[in-house]
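The values are calculated or read from the model by the stated rules, or taken from the named source; none is laboratory data. This is a predicted model, so every value here is computed, not measured. A quick note on method: Cβ atoms are made from the backbone with ideal geometry, for glycine too, and the neighbour counts reach across all protein chains shown.
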């Protein structure tokens, strides 16, 4: 009997099949994880409880957005591009002004005593007609103010960028500049339809 | 002498491609593992808002989505052209949010319920009124961690 050779299976088209599957999965799936501006809402107020004590006026940075997407910051109209610097100046209070938040010296772990404005609060109010994008842009600018301040502090205290700090160091930096953006109970700012 | 030497094949032979499928399968498995299927069919138009200071939502299983936008054209006859919200696969009203959150929370593992995040995916042009209502009912449902979904982009262009 003649020795018969087993014919070799042509595997060239297997690659085509695999490519087809690969492309199918590439099309139907999403790679990007969802991203967004993270916020924590205040817990609901129990009905029979006194409202929280008012915060002193100098400690509040008031930002209003009306239905025409215009900003009113501390009683004055402002352009969105100026908001970040205004917020930074308010939180930092470099000139120690009367109209800006009280400065107190607090003891922070890893940093030591530091003079800062722990009571500063940013109050953000919007109208029902405000465009979502504007609202997000304002939130974004306020957050940028905080992150730039934190970055500055991280650079001056630890000589590193904020993102490179250890968790404890980041916590210390956050303690100096706690992000307090209060979204007040809804009410109409005006300019609505 | 040279006359009888067997003639050598000229040039390189055919390249063996039998390992190509293996490579492609490897790629295929990589993508299958690292990606997720599109979760829902959107019935509302969501054009992403843009922002720069984004944080990523790491764990998909902890995130609950609320979509807000104008209904797609084929649903406009029934649901109108005002922004509506979509929970899972259907249109809903703000009153449905509480039961939706409770239901989503029930389906999570007990130790992860604290970490539940609600991602609000709203159209950039949508008015804040509906989003304020959503926020109020999320507060009542004790779902306090939220994320305003946005994509990386210029903050000033759309204003």
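Within the stretch A:5-55, how many residues turn out to be assigned to a helix (DSSP H, G or I), within 34 Å of the chain's Cα centre (by Cα) and surrounded by 12 or more Cβ atoms within 10 Å (Cβ to Cβ)?
Within the stretch A:5-55, residues that are assigned to a helix (DSSP H, G or I), within 34 Å of the chain's Cα centre (by Cα) and surrounded by 12 or more Cβ atoms within 10 Å (Cβ to Cβ) number 2.
Which condition number in (1) within 12 Å of chain A (Cβ to nearest Cβ); (2) crowded, with 16+ Cβ neighbours inside 10 Å is the one that residue B:97 fails?
Residue B:97 satisfies every listed condition except (1).
Filter the stretch A:71-87 down to residues that are within 14 Å of another protein chain (Cβ to nearest Cβ) and surrounded by 17 or more Cβ atoms within 10 Å (Cβ to Cβ) and give me whichever is farthest from the chain's Cα centre (by Cα).
If we take residues in the stretch A:71-87 being within 14 Å of another protein chain (Cβ to nearest Cβ) and surrounded by 17 or more Cβ atoms within 10 Å (Cβ to Cβ), then A:71 is farthest from the chain's Cα centre (by Cα).
Can you find, within the stretch B:35-83, the residue that is modelled with the highest pLDDT among those that are assigned to a loop (DSSP other than H, G, I, E, B) and more than 14 Å from every other protein chain (Cβ to nearest Cβ)?
Filtering first and then ranking leaves B:72.
Output the strands (runs of 3 or more DSSP E) that fall wholly within the stretch A:91-134 and possess 3 or more residues being modelled with pLDDT of 80 or more and surrounded by 13 or more Cβ atoms within 10 Å (Cβ to Cβ), or say none.
A:121-126
Exactly one of these conditions fails for residue B:89: (1) at pLDDT 85 or above; (2) out of contact with any strand residue (DSSP E or B) (no Cβ under 8 Å at 6 or more places or on another chain); (3) surrounded by fewer than 17 Cβ atoms within 10 Å (Cβ to Cβ). Give me its number.
(1)
Suppose the filter is away from every other protein chain (no Cβ under 14 Å), in contact with a strand residue (DSSP E or B) (Cβ under 9 Å, 6 or more places away or on another chain) and at pLDDT 85 or above; does residue A:64 pass it?
no
Can you say whether residue A:108 is touching a strand residue (DSSP E or B) at 6+ places or on another chain (Cβ under 9 Å), in contact (Cβ under 8 Å) with a residue 60 or more places away in the chain, more than 8 Å from chain B (Cβ to nearest Cβ) and within 23 Å of residue B:149 (Cα to Cα), as far as the supplied structure shows?
The answer is no for residue A:108.
Any residue in the stretch A:145-154 that is without any contact (Cβ under 8 Å) to a residue 12 or more places away in the chain, over 25 Å from residue B:129 (Cβ atoms) and either within 12 Å of another protein chain (Cβ to nearest Cβ) or not in a strand (DSSP E or B) (or both)?
yes
Checking the condition over 19 Å from the mean Cα position of the chain (by Cα), facing chain A (nearest Cβ under 10 Å), touching a residue at least 60 places away in the same chain (Cβ under 8 Å) and under 21 Å from residue B:88 (Cβ atoms), which residue from B:122, B:143 passes?
Answer to the check: B:143.
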